[in-house]
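Reading through the structure tokens given below for one structure.
The values are calculated or read from the model by the stated rules, or taken from the named source; none is laboratory data. What you are looking at is a predicted structure, and each value in this text was computed from that prediction instead of being measured. All Cβ positions, even for glycine, are placed from backbone atoms using ideal geometry, and neighbour counts span all protein chains on display. Please note that ligands, DNA and RNA were not included when accessible areas were found on the heavy atoms of the full protein model with its side chains. Shrake-Rupley method; radii C 1.70, N 1.55, O 1.52, S 1.80 Å.
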Amino acid sequence: MSISINPSILSCDFAQFDRELAKIADADMAHVDIMDNHFVPNLTFGPPVVERIKAVSPIPLDMHLMISEADRHAPVYAEMGCESVTFHLEASAAPVRTARELRRLGAKASVAVKPATPVEPLIDLLGEFDQVLIMTVEPGFGGQKFLDVCLPKVRRIREAISAANLELTVQVDGGISEDTIGRAAEAGADVFVAGSAVYGADNPAAQITRLRELAGEHAC
Ligand code: DX5
Ligand code: ZN
């Protein structure tokens, strides 16, 4: 299983995206959190800003949409060329239709679940997705404590993916650090989002390398 480290730019300086993105040029993808002050109690930015981020990013974009009415808004990010688009199951009335639309537009289709949302409704739908994101904090803010109670879901979804002989990635997001990444990798995650752990480090590039090593040591 190959490991991806996707730093979240939620923890970077929004006044200088080009410089902040250059710091994570060795990462796999830049994780971009879109929040609407409705689905989550926080607000970031939308398509016009993402277009500029896309233009200056040295690496592909991993969009995480924490927004209501996902079916209507998610395709916009695929249309602008974002490589992966994650929408929340809780915010979608038609997840299969939206996933198919994202793929038709050339993006990877990824679905996210909050800590209290079960993964079982996704099990028969796995073939429709390229990735499942298991949130390991309540979405909305960076710098929160990792929720170990979410790890059994990581395990169950990884088992279901293997049992179905599929190749989806399992992403974890929230509280990922040197202390927690090993536990998430052991449970079956292979894509790791880290915001404060990367941008809060003195040397973000070295921290990405360190996280990658630790995840590799514990990968299942
Ligand atoms: C939280 C966001 C995360 C956030 C993670 O709702 O989805 O991507 O940036 O930040 P850390 O790694 O600091 O928990
Ligand atoms: Zn995120």
Among ASP130, ASP179, ASP26, the residue with the largest mean-square fluctuation in a Gaussian network model of the chain built from Cα contacts under 10 Å is ASP179
Under the helix-only model (-39500 (n - 2.57) for each DSSP H run of 4 or more, divided by the residues of the chain), the mean residue ellipticity at 222 nm, to 500 deg cm²/dmol, is -10000 deg cm²/dmol
Length gained, THR209-GLU90, 0.36 nm per residue minus C-alpha separation, equals 39.5 nm
Once amide hydrogens are built 1.01 Å from N within the peptide plane, the residues lying 5 or more places from LEU133 or on another chain with amide H under 5 Å from its amide H are VAL111, ALA112, VAL113, GLN171
In debye to the nearest 20, the charge dipole size for region 4-218, taken about the Cα centre with +1 at each Lys and Arg Cβ and -1 at each Asp and Glu Cβ, equals 220
Under a 1.4 Å probe, counting only protein heavy atoms, VAL149 has an accessible area in Å², nearest 10, of 120
Taking alpha-carbon centroids only, region 105-143 lies from region 1-71 a number of Å equal to 17
Expressed as a percent, the accessible surface of the chain that is carbon or sulfur, using a 1.4 Å probe and the full set of protein chains, is 49
Taking the dipole of region 4-218 about the Cα centre (Lys, Arg +1; Asp, Glu -1; charges at Cβ), the one of ALA91, LEU151, VAL137 that reaches farthest to the positive side is ALA91
Charge tally for neighbours of LYS145 with beta carbon under 15 Å away, counting Lys, Arg as +1 and Asp, Glu as -1, is -4
Note on region 76-211: contact order normalised by length, alpha-carbon pairs under 8 Å, 6 or more apart, percent, works out to 18
Mean accessible area per residue over the chain (1.4 angstrom probe, all protein chains present, square angstrom) is 43
To the nearest 0.05, the calculated FRET efficiency linking VAL76 and CYS220 through their beta-carbon distance, R0 being 25 Å, is 0.10
Karplus ³J(HN,Hα) for region 131-147 (6.51 cos²θ - 1.76 cosθ + 1.60, θ = phi - 60°; Hz, whole; x = Gly/Pro) runs 7, 10, 9, 9, 5, 10, 8, 6, x, x, 9, x, x, 8, 7, 4, 9
Close lysine pairs (the chain; alpha-carbon distance under 26 Å; 8 or more apart or on separate chains) counted at 8
Any residue on another chain or 5+ positions along whose placed amide H is under 5 Å from the amide H of SER4 is listed here as VAL191, PHE192
Region 10-144: antiparallel bridges as % of DSSP beta bridges, rounded to 5, reads 5
The chain, Gaussian network, Cα under 10 Å: of PRO60, PRO95, PRO41, the residue fluctuating most is PRO41
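Which whole-number percent is the relative contact order of region 13-86 (Cα, under 8 Å, 6+ apart)?
33
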Projecting the Cα atoms of MET80, GLN207, LEU105 onto the charge dipole of the chain, where Lys and Arg contribute +1 and Asp and Glu -1 at Cβ, the residue farthest towards the positive end is LEU105
Taking Cα atoms only, Rg over Rh for the chain with Rh from the Kirkwood formula is 0.93
